[in-house]
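The values are calculated or read from the model by the stated rules, or taken from the named source; none is laboratory data. Bear in mind that the values here come from a model prediction, so they are computed numbers and not experimental data. Don't worry about glycine lacking a Cβ; one is built from the backbone with ideal geometry, like all the others, and counts go over all protein chains shown. Areas reflect the complete protein model, heavy atoms only, side chains present, ligands, DNA and RNA absent. Shrake-Rupley method; radii C 1.70, N 1.55, O 1.52, S 1.80 Å.
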Amino acid sequence: MAATVAARWWEDAAISVGMVAVQLAGAAYMVVLTPILALGLDPLFLVTFGSLSTGILTLPFALNLDRNKWPSELSNRLILELVVLSLGGVTVFQALMLDGMKKTSPAIASAMLNLAPGFIFVVAGCLRFERVDLKCRYTRAKIVGTLLCLGGAITMSILQSPATPQGRRSPDLAAWVVGCLCLLGAVLVLSGTIILQAATLIRFPAPFTLCAMTSLIGALLTGMFQVFTTGRLGPGTLQISTGIILSLVFVGSLVSSVSIMYQTWVLEKKGPVLVSLFSPTQTMGSAIFSALFLGRVVQPASILGMLFLFSGLYAVLWAKKKEGHVLPPADRVVADDIEKPLLLPR
């Protein structure tokens with residue numbers, strides 16, 4: 001008995017340490033990426049080759065772990081869903097996220113991602129994928145949590161003014177506003193894509209295959225879009241060597257692939273709520289790394305927005321967890337599926 005308890009304690013500790021490490025790795029990558037984007041790297045080029053690398057790295061796991069879950073044939077509906085998932089979750093989401101991060105900061109970009117659970121609740125409720133009963137206290141808690149998340153994001157965007165250390169070029173306030181709108185649009189796209197992914201996984205229960213296929217299709221779509229808009233497929237006007245760009249793409253793909261695989265394992269072990277609970281770690285890590293390595297000034301007043309955002313996030317997650325104990329089994333399965341994290345590269 002004691003050995004079993006000790007084994008569970010070590011497993012929980014290892015999972016917690018691993019989740020923190022995954023989130024901090026993502027935060028570090030965002031901080032490293034910010035000055036590279038400022039030097040002229042085209043976000044579409046990064047999305048194209050980053051997604052291509054992620055798809056290639058994930059494909060062996062799909063072949064080994066998901067082969068027995070593949071459908072006998074690909075229906076037109078499934079193909080359409082894969083294309084929409086690729087377009088939304090890879091091309092549009094990542095392009096908006098990178099452009100928004102370039103115009104604002106890694107801390108703001110990672111903070112905006114915490115809006116997703118609240119937005120998912122709103123969209124899922126409108127589409128009747130999730131039960132909405134105003135008489136239920138858990139529904140009211142999710143509504144309040146969503147409003148707190150939105151209020152926190154707005155507060156951070158307003159109070160975290162685009163200040164820079166002395167001696168650096170003064171940022172453009174209009175670009176800051178556009179960047180915040182890009183990040184908000186990215187979260188809206190992400191929320192809709194997660195809901196579509198939940199429906200797709202019911203008919204196609206192969207998460208690694210779904211990740212690999214959407215990454216490869218998304219890379220193709222993004223590359224075509226860059227050629228259509230700029231006339232060429234290239235990294236843009238660079239002030240750094242191509243070797244650094246390729247190294248950055250590879251590291252980003254490796255971080256994304258490891259994050260996807262590890263979070264999938266944790267999801268199967270502990271469920272979706274625990275995975276979501278660690279997302280604020282990336283925001284805090286991005287803020288700390290930005291201050292240490294980029295000289296970004298974190299306004300003390302913007303911490304209030306972070307508190308609102310995190311409080312709203314945990315309110316939504318708490319209500320989801322409690323509601324899962326009182327819903328009928330059929331409704332509980334649907335609710336859990338919608339909350340699963342998106343298995344697409346970020």
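Please work out whether region 169-267 counts as rounded, prolate or oblate from its C-alpha gyration tensor, where a ≥ b ≥ c are the square roots of the eigenvalues and a/c under 1.5 means rounded, while otherwise a/b larger than b/c means prolate and anything else oblate? In terms of gyration-tensor shape, prolate.
Protein heavy-atom surface of region 81-159, 1.4 angstrom probe: 70% of the accessible area is carbon and sulfur, with nucleic acids and ligands not counted.
Between Ala174 and Ala14, full extension at 0.36 nm per residue minus the direct alpha carbon distance yields a gain of 53.2 nm.
Per residue, region 40-132 exposes 44 Å² of accessible surface when a 1.4 Å probe is rolled over the protein heavy atoms with every protein chain present. Classify region 28-83: rounded, prolate or oblate, from the alpha-carbon gyration tensor (a ≥ b ≥ c, eigenvalue square roots; a/c under 1.5 rounded; otherwise prolate if a/b is larger than b/c)? The shape class here is prolate. Computed extension gain for Leu304 through Ala199, at 0.36 nm per residue and net of the alpha carbon distance, reaches 34.2 nm.
Could you tell me how far the Cα centroid of region 68-101 sits from the Cα centroid of region 248-268, in Å? Between the Cα centres of region 248-268 and region 68-101 lies a distance of 17 Å. Packing-based ranking of 206-218, 62-74, 188-200 yields 206-218, 188-200, 62-74, ordered from highest to lowest mean Cβ neighbour count within 10 Å. For the residue pairs Lys69/Lys321; Lys69/Lys269; Lys135/Lys270; Lys269/Lys321; Lys103/Lys142, alpha carbon separations beyond 21 Å are given by Lys69/Lys321; Lys135/Lys270; Lys103/Lys142. At full extension, Leu147 and Leu292 could sit 49.0 nm farther apart than now, given 0.36 nm per residue minus the alpha carbon distance.
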